[in-house]
Amino acid sequence: MKRHFRLAHPGGLDEVATISTEPEAVTVTRRVESTRSKGRPVRIPIKLCQGGSVELEARVQQHKLVGEGFTFDRDDETALDGRESYLYVVVHRQHTGDVIDHVTGSTMPPGILVGSYAAGRVDVSDSRGTRIALDVTRDASAVSASDSPLVALALIWCHEGWAELALEVYPTPGGTRAVDHRQLYELAQALPEELRDFVLESGVARPGLIGSGAVAEAILL
């Protein structure tokens, strides 16, 4: 499957990019549209893909392009069977300090690694390499498989008002959808018991109402 993106530049020198998803790799290619250049493809083998998933890596690469100003143009394939959903968590700059204090000052759930690399910079990752880089000077975001322990952290951050959550539905164009109260409940119920216990012990008390921004509140556990 190949997805196409476009970035308009003054003077008409538009830049185009493609993300090609194959069973064993993701390839990202960027080039100036008006030239004959084929660009320089960057191939990411599945062993280096985030979470060991080409679908998840493709979504990560898409977020990078969108963050640079690219907009989605089209899909070569618009309908595929076996769509997968991932949790997309965004921590805005005004709250990254709160989240950093939480992950550095509290016991983390099983499977979470926390590394400090510079003043005001902390990386949080799971055992499969899914990662969110927290920096007090900028927003932070991550796309996580629904069974990752990062989901437990994201639910707590959402409850505290530090993060916003959405579902990434692959491969539909514009597939980011705000998490509603039903989906919050389903995410919590799907957590392994030790992760649900971690969420409870972190202050989301039973019956555990969790706020999901301007959407609604949901019974978490």
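The values are calculated or read from the model by the stated rules, or taken from the named source; none is laboratory data. This is a predicted model, so every value here is computed, not measured. Note that each Cβ is placed from the backbone with ideal geometry, even for glycine, and that neighbours are counted across all protein chains shown. Just so you know, the surface numbers come from the protein's heavy atoms only, side chains and all, with ligands and any DNA or RNA stripped out. Shrake-Rupley method; radii C 1.70, N 1.55, O 1.52, S 1.80 Å.
Worth a mention:
- Between ILE112 and any residue 5 or more places off or on another chain, the built amide H atoms are never under 5 Å apart.
- Å² of accessible area per residue within the stretch 2-72, as computed with a 1.4 Å probe and no ligands counted: 57
- Within the stretch 110-153, the proportion of Cα pairs with more than 12 Å between them is 57 percent.
- Spacing of the two label points (7 Å from each Cα toward its C-beta) at SER106 and ARG31, in nm: 4.8
- Ligands, DNA and RNA are left out, and with a 1.4 angstrom probe the accessible area of the stretch 84-201 is 46 Å² per residue.
- Spin-label pair LEU113/MET1, simplified geometry with 7 Å Cα→Cβ offset, distance in nm: 2.9
- The relative contact order of the stretch 19-139, computed from alpha carbon pairs under 8 Å that lie at least 6 residues apart in sequence, is 18 percent.
- Most tightly packed first, judged by the mean number of other beta-carbon atoms within 10 Å of their residues, the peptides 92-102, 111-121, 53-63 read 53-63, 92-102, 111-121.
- The fraction of accessible area contributed by carbon and sulfur in the stretch 2-72 is 54 percent, rounded to a whole number (1.4 Å probe; ligands and nucleic acids excluded).
- Extension gain, ASP147 to ASP14, is 44.0 nm, computed as 0.36 nm per intervening residue step minus the present C-alpha separation.
- Ellipsoid equivalent to the stretch 84-201 - semi-axes via the Cα gyration tensor, in Å: 21, 17, 13
- Extended-chain gain in nm, criterion 0.36 nm per residue less alpha-carbon gap, ARG138 and ASP123: 4.1 nm
- Amide proton proximity set for VAL179, modelled H, under 5 Å, gap of 5+: LEU165, ALA166, LEU167
- At R0 = 41 Å, FRET efficiency that the Cβ-Cβ distance of GLN189 and VAL66 yields, to 0.05: 0.85
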